[in-house]
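The structure appears right after this line, and notes come after that.
Values quoted throughout were computed directly from the atomic coordinates according to the rules given, and no laboratory measurement underlies them. Just so it is clear, the structure is predicted and the values come from calculations on it, not from any experiment.
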Amino acid sequence: MTTCIREATSQDTSAISSLVSHLTGKMISPLHIENRLHNMRDNPDELLYVYEEKNRILGTLSFRIRRDQAAHNVTFSEISVISFQEDPDSNQAPLEHLRSYAEQLASDHNCSGMMWLTDVASPDQSRAAQSPIGFHETGYRFVKRFL
């Protein structure tokens, strides 16, 4: 089985658009994705990766470095799996692969730690079930969705 995690390119915009639209139930244009990639190219501290299996994009990983110069150059990575889809024909766990990849990226960038941003879609899902091993909850973010 051929799987890989790689940096997203402009050739991925249609596939990412389809995936996000499928997961959210709301149409998102490839142009919106292309604009996001374009903005990321101007910032070396922001990257978007895709998880690809059998030439299909099944997930995306946003990686952002947060720097605190006042705290003696402390850096944290901010990780967000912004879309994710299980492949019923696969024995692989894309989320686990993306999580391991994110930890390696944080290590490669000499980050002091990681912030894993997650979204619990329904009230019956507990945050504890969604928490990556080794992470602890430190608070909440308030999110207003426009898509």
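A few remarks follow.
- Using 0.36 nm per residue and subtracting the Cα-Cα separation, the extra length available between Leu23 and Asn43 on full extension is 4.5 nm.
- Extension gain, Asp68 back to Asn55 (0.36 nm per residue minus Cα-Cα distance, nm): 0.8 nm
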